[in-house]
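Enquirer: Before anything else, here's the structure in question.
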Amino acid sequence: MKINFEIISDPAIAKYNLKIKKTMDNNVVIQDHPDIDIVFVSKARKIVLFPKEQYSDEVYETQNLLMKHLQKEYLISGQTIRVGNIFGTLEAEMILSEKFNIANACIMSVAKFLENEKEQFALDKEYEKMYIKSIVSPTDEDSTELGEVEHGEDKGSIRPGYIRDFGYGYHYLYEKKEKGKG
């Protein structure tokens, strides 16, 4: 289900389109980010960030940026940011507020964060397309025809004709030196 919402403030009118799902236990899940899913656990007043596929440094960096953003907006307490009980998750507690619905304020702040990140998503996609294109169909400058580059006699760490038995990891090679030459 896609939810559109408007937030009207004095200086400007903000509109955001987010892919939001509501779970059976009334948690809200935002799935707009390509690396993470953002879950608002209403009963525990928590925000939990799940990696979409595999956990990596890039995913952690995204989670960290979002937590810093929410902390700068004073929507979560920096003291409550911690790893979750599921591998690769980060969680934090939302602050208490009698004046505002803190969950709605967090959703609006996440929408702002995602809006700022959209340009980076596009750049990442474009870079990946260019990289794949350069690998699949390289330019004449970046490629050579077969036989154009001559092969060396010895390549790599395995020397031709030199066979090692298992268990003999360290060998001492002695050279016979003639007296007076070295």
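The values are calculated or read from the model by the stated rules, or taken from the named source; none is laboratory data. Please read all numbers here as calculations on a predicted model, not as lab measurements. Using ideal geometry, Cβ is built from the backbone for each residue, glycine included, and neighbour counts are taken over all protein chains shown.
Enquirer: If the requirement is being among the aromatic types (F, W, Y), more than 23 Å from K15 (Cα to Cα) and at pLDDT 90 or above, which of these qualifies: F87, F40, F113?
Expert: F87
Enquirer: Which numbered condition trips up Y16, out of (1) of a type in the set (S, T, Y); (2) modelled with pLDDT under 90; (3) part of a helix (DSSP H, G or I)?
Expert: (3)
Enquirer: Quick check on the stretch 96-110: of everything there that is surrounded by 14 or more Cβ atoms within 10 Å (Cβ to Cβ) and modelled with pLDDT of 85 or more, which residue is farthest from the chain's Cα centre (by Cα)?
Expert: A105
Enquirer: To continue, here is another question. Can you tell me which of (1) of a type in the set (F, W, Y); (2) under 20 Å from F121 (Cβ atoms); (3) in contact with a strand residue (DSSP E or B) (Cβ under 6 Å, 6 or more places away or on another chain) is the one F40 doesn't meet?
Expert: F40 satisfies every listed condition except (2).
Enquirer: For the structure I just gave you, tell me whether L90 is surrounded by 12 or more Cβ atoms within 10 Å (Cβ to Cβ), in contact with a strand residue (DSSP E or B) (Cβ under 7 Å, 6 or more places away or on another chain) and free of Cβ contacts under 8 Å to residues at least 60 places away in the same chain.
Expert: Answer is yes for this residue.
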